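For reference, the structure I am asking about is given below.
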Amino acid sequence: MERAEAYGFSAAMSGAFLLSCLLFAAINRRQRGPYMDEAFHVPQAQAYCHGRFLEWDPMITTLPGLYLVSVGAVKPTAWLFGWTGSVMCSPGMLRFINLLFSAGNFYLLYLLLFKIHQKNKAVSGFQRILSTLTLAMFPTLYFFTFLYYTDPGSVFFTLFAYLMCLYGNHKTSALLGFCGFMFRQTNIVWTVFCAGNVVAEKLNEAWKTELQKKKDEKLSSRKGSFSDLIRILQFLTEYLLSPKNLITLTALTWPYIILVTVFFGFVFINGGIVVGDRSSHEACLHFPQLFYFLSFTVFFSFPHLLTPTKIRKFLLSLQKHPVQYSLVAVISLFLIWKFTYAHKYLLADNRHYAFYVWRKIFQRHELVKYVLVPVYMFAGWSFVDTLKSKSVFWILMYFVCLLAVTVPQKLLEFRYFILPFLIYRLNIPFPSLYRQLLELAFYIVVNAVTFYLFLNKTFQWPNSDEIQRFMW
């Protein structure tokens, strides 16, 4: 990092943290007690603070990573400053843990952008800092910086594991992946993603060698045609069926293999992936979740994905490949028809934005979910188009992980999209400075509206005296 870039990064990180501290103070003044899922997380952390490690709230569905880290941070701090009693593990103190995770995420996002795009010499330090600031302000993640939820810590350990993987420190990456798994069980998918990065790199090297042998440069330049896809799949099958190649890949990825084995052991002993309340978190094949994620990504990355140039390119692609797109449309319609689910929380909890998205859009008419298929197709095409700088094996591996982390979820919950979105956004090429500034401005506006609604537009349910607030 050059000196000017180091000063710029320090200023951006310090400024963002100061702003977050001011916002943190405002939120804690207005909402002193636990809110929403904090009603489960805060008492559980307080039980751990008082040494009651065998107590467990059966409504909690995640492992105790957040509470263990909180106790490990709060206890020494309380001893150092002489805090006792209710101050030590108050909701405010526990929430502050996530503010620290947020600062860590800021630094990790910068390091990841630097590492992933290090070969692109056209990217300036200012652009890296600007993109880091933008992603650190990503609304769905930034909101939960100020509440005692698992998301900031889950993102921290997963991004840290990804960074270590990119630097080749696979044992450290697997250990950090385990920490991420302790925050949220579905993070095991991103451990597989880290292993997949290693596999994709080896496959890409072998594929280039294969092309060189056959002197078939035409194939590599026309990435995306159906015949190319068939040949790639054939190559993939042959490569993975070779014992020599499998031994090589196992030697490279054994730390991740051990962690995935531990995960399957946990699932077998636990009788499922969810701990605690399983009745509200049943796995199913909810394929439209992929469509919701793609729409979510277009919304939050519209400066990159929703441009006149991309729309024109998509329409030209439609004209060139009508049969393929017709087939995709038919499959999409079938998946929506047979695999659309509406979770009871989505239909009943009017504190979440997803409730209003579902009611105002999807419940307007039975046909709306089918009419949106062209939107999903454009979103999917634009999404893949921005990843074309990555190898075909990386794209396949990412999509496998994306499907694994979204499709089994019955509940439409925007928090579940945070990690797949961030990993996607980290890996797309740097846009122009104008588009970066537009994206940052959009995030600031969305955050301002979100926090204004949370703090000022409160309401009450007819059968409850508690103050309710709008949130992601």
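The values are calculated or read from the model by the stated rules, or taken from the named source; none is laboratory data. Bear in mind that the values here come from a model prediction, so they are computed numbers and not experimental data. Using ideal geometry, Cβ is built from the backbone for each residue, glycine included, and neighbour counts are taken over all protein chains shown. Protein only, heavy atoms only, side chains kept; ligands, DNA and RNA dropped before computing areas. Shrake-Rupley method; radii C 1.70, N 1.55, O 1.52, S 1.80 Å.
Being open to solvent by 10 Å² or more (accessible area, probe 1.4 Å) and either out of contact with any Cys (no Cβ under 7 Å at 6 or more places or on another chain) or at pLDDT 95 or above (or both): is that true of Phe421 here? Talk me through it step by step, then tell me what you get.
Working: open to solvent by 10 Å² or more (accessible area, probe 1.4 Å): no; either out of contact with any Cys (no Cβ under 7 Å at 6 or more places or on another chain) or at pLDDT 95 or above (or both): yes.
No: the conditions fail for Phe421.
Answer yes or no: is there a residue in the range 449-458 that is assigned to a helix (DSSP H, G or I), surrounded by fewer than 14 Cβ atoms within 10 Å (Cβ to Cβ) and at pLDDT 95 or above. Step through it out loud before you land on a result.
Going through the range 449-458, the residues assigned to a helix (DSSP H, G or I) turn out to be 449-456.
Cutting the leftovers down to surrounded by fewer than 14 Cβ atoms within 10 Å (Cβ to Cβ) gives us 449, 452, 456.
Those still in the list that are at pLDDT 95 or above too: 449, 452.
Checked the range 449-458: at least one residue is assigned to a helix (DSSP H, G or I), surrounded by fewer than 14 Cβ atoms within 10 Å (Cβ to Cβ) and at pLDDT 95 or above.
Checking Ile97 against (1) open to solvent by less than 20 Å² (accessible area, probe 1.4 Å); (2) touching a Cys at 6+ places or on another chain (Cβ under 6 Å), which test does it fail?
The one condition Ile97 does not meet is (2).
Select from the range 427-448 the residues that are open to solvent by 10 Å² or more (accessible area, probe 1.4 Å) and not in a helix (DSSP H, G or I) and write down the one among them that is nearest to Ser391 (Cα to Cα).
Once the filter is applied, the top-ranked residue is Pro429.
I'm trying to understand the selection: among the residues of the range 31-64, which are aliphatic (A, V, I, L, M), open to solvent by 20 Å² or more (accessible area, probe 1.4 Å) and under 24 Å from Glu413 (Cα atoms)?
So the first thing to find is which residues in the range 31-64 are aliphatic (A, V, I, L, M), and the list is 36, 39, 42, 45, 47, 54, 59-60, 63.
Next, only the ones that are open to solvent by 20 Å² or more (accessible area, probe 1.4 Å) stay: 36, 39, 54, 59, 63.
The answer is Met36, Ala39, Met59, Leu63.
Mind checking which residues of the range 337-363 are open to solvent by 40 Å² or more (accessible area, probe 1.4 Å), charged (D, E, K, R) and at pLDDT 90 or above?
Lys338, Arg359, Lys360 - these are the residues of the range 337-363 that are open to solvent by 40 Å² or more (accessible area, probe 1.4 Å), charged (D, E, K, R) and at pLDDT 90 or above.
For the condition under 28 Å from the mean Cα position of the chain (by Cα) and surrounded by fewer than 20 Cβ atoms within 10 Å (Cβ to Cβ), what is the one hit in Leu80, Leu68?
Numbers: Leu80 fails: under 28 Å from the mean Cα position of the chain (by Cα).
The unique qualifying residue is Leu68.
OK, next. Contact list please: Cβ distance under 7 Å, first residue in the range 58-86 and among the aliphatic types (A, V, I, L, M), second residue open to solvent by 50 Å² or more (accessible area, probe 1.4 Å) and at pLDDT 85 or above, pairs at least six apart or on different chains.
Met59/Phe40; Ile60/Phe40
Let me ask something else about it. Which members of the range 111-151 meet the condition of being within 30 Å of Phe470 (Cα to Cα), of a type in the set (Val, Ile, Thr) and assigned to a helix (DSSP H, G or I)? I'd like the intermediate steps shown before the answer.
The first filter runs over the range 111-151 and keeps only residues within 30 Å of Phe470 (Cα to Cα), leaving 130-151.
Those still in the list that are of a type in the set (Val, Ile, Thr) too: 132, 134, 140, 145, 150.
Answer for the range 111-151, where residues must be within 30 Å of Phe470 (Cα to Cα), of a type in the set (Val, Ile, Thr) and assigned to a helix (DSSP H, G or I): Thr132, Thr134, Thr140, Thr145.
Select, from Phe334, Phe296, the only residue that is surrounded by 19 or more Cβ atoms within 10 Å (Cβ to Cβ) and out of contact with any Leu (no Cβ under 7 Å at 6 or more places or on another chain).
Numbers: Phe334 fails: surrounded by 19 or more Cβ atoms within 10 Å (Cβ to Cβ).
It is Phe296.
In addition: State whether the residues of the range 280-292 include one that is part of a helix (DSSP H, G or I), among the hydrophobic types (A, V, I, L, M, F, W, C) and modelled with pLDDT of 95 or more. So that I can check it myself, show each step before the final result.
Restricting attention to the range 280-292, the residues satisfying the condition of being part of a helix (DSSP H, G or I) are 288-292.
Next, only the ones that are among the hydrophobic types (A, V, I, L, M, F, W, C) stay: 290-291.
Now drop any that are not modelled with pLDDT of 95 or more, which leaves 290-291.
Yes - at least one qualifying residue is present in the range 280-292.
Further, regarding this structure: For Arg415, all conditions in the list (1) open to solvent by 60 Å² or more (accessible area, probe 1.4 Å); (2) in contact (Cβ under 8 Å) with a residue 60 or more places away in the chain; (3) of a type in the set (Lys, Arg); (4) over 29 Å from Ser317 (Cα atoms) hold save one; what is the number of the exception?
So the condition that Arg415 fails would be (1).
Find the helices (runs of 4 or more DSSP H) located wholly in the range 309-426 whose residues include 2 or more that are small (Gly, Ala, Ser), and list them. Quick ask: steps written out before the conclusion?
Numbers: elements: 322-339, 344-348, 353-357, 368-371, 373-386, 392-406.
The qualifying helices (runs of 4 or more DSSP H) are 322-339, 373-386.
Okay, next question. Please identify the pairs in which a residue from the range 113-139 that is more than 18 Å from Leu18 (Cβ to Cβ) has its Cβ atom under 9 Å from the Cβ atom of a residue that is surrounded by fewer than 16 Cβ atoms within 10 Å (Cβ to Cβ) and of a type in the set (Ser, Thr, Tyr), counting only partners at least 6 apart or on another chain.
Matching pairs, first to second residue: Lys115/Tyr167.
Under 9 Å between Cβ atoms, at least 6 apart or on separate chains: pull out the pairs that start in the range 277-290 with a residue that is small (Gly, Ala, Ser) and end on any residue that is part of a helix (DSSP H, G or I).
Ser280/Lys344; Ser280/Tyr345
While we're on this one: Could you grab me the full set of residues in the range 159-174 that are of a type outside the set (Lys, Arg), farther than 23 Å from Thr450 by Cβ and in contact with a helix residue (DSSP H, G or I) (Cβ under 8 Å, 6 or more places away or on another chain)? First the steps, then the outcome.
First, the residues of the range 159-174 that are of a type outside the set (Lys, Arg): 159-170, 172-174.
Filter again for farther than 23 Å from Thr450 by Cβ, leaving 160-170, 172-174.
Across the range 159-174, the qualifying residues are Phe160, Ala161, Tyr162, Leu163, Met164, Cys165, Leu166, Tyr167, His170, Thr172, Ser173, Ala174.
Restricting attention to the range 35-48, does a residue exist that is in a helix (DSSP H, G or I), more than 30 Å from Ser464 (Cα to Cα), more than 23 Å from the chain's Cα centre (by Cα) and not charged (D, E, K, R)?
First pass over the range 35-48, keeping only residues in a helix (DSSP H, G or I): 38-48.
In the following step, the residues that additionally are more than 30 Å from Ser464 (Cα to Cα) were identified as none.
No, the range 35-48 has no match at all.
How many of the residues in the range 1-37 are in contact (Cβ under 8 Å) with a residue 24 or more places away in the chain and either over 22 Å from Gly104 (Cα atoms) or of a type in the set (A, V, I, L, M, F, W, C) (or both)? If you could, list the steps in order and put the result at the bottom.
Going through the range 1-37, the residues in contact (Cβ under 8 Å) with a residue 24 or more places away in the chain turn out to be 1-2, 4-5, 8-9, 12-13, 16-17, 20-21, 23-24, 26-28, 30-37.
Restricting the remaining residues to those that are either over 22 Å from Gly104 (Cα atoms) or of a type in the set (A, V, I, L, M, F, W, C) (or both) gives 1, 4, 9, 12-13, 16-17, 21, 23-24, 26-27, 30-37.
Qualifying residue count, the range 1-37: 20.
For the list (1) under 30 Å from Asp228 (Cβ atoms); (2) more than 15 Å from the chain's Cα centre (by Cα); (3) open to solvent by 30 Å² or more (accessible area, probe 1.4 Å), I need the number of the one condition that Val400 fails.
Single failed check for Val400: (2).
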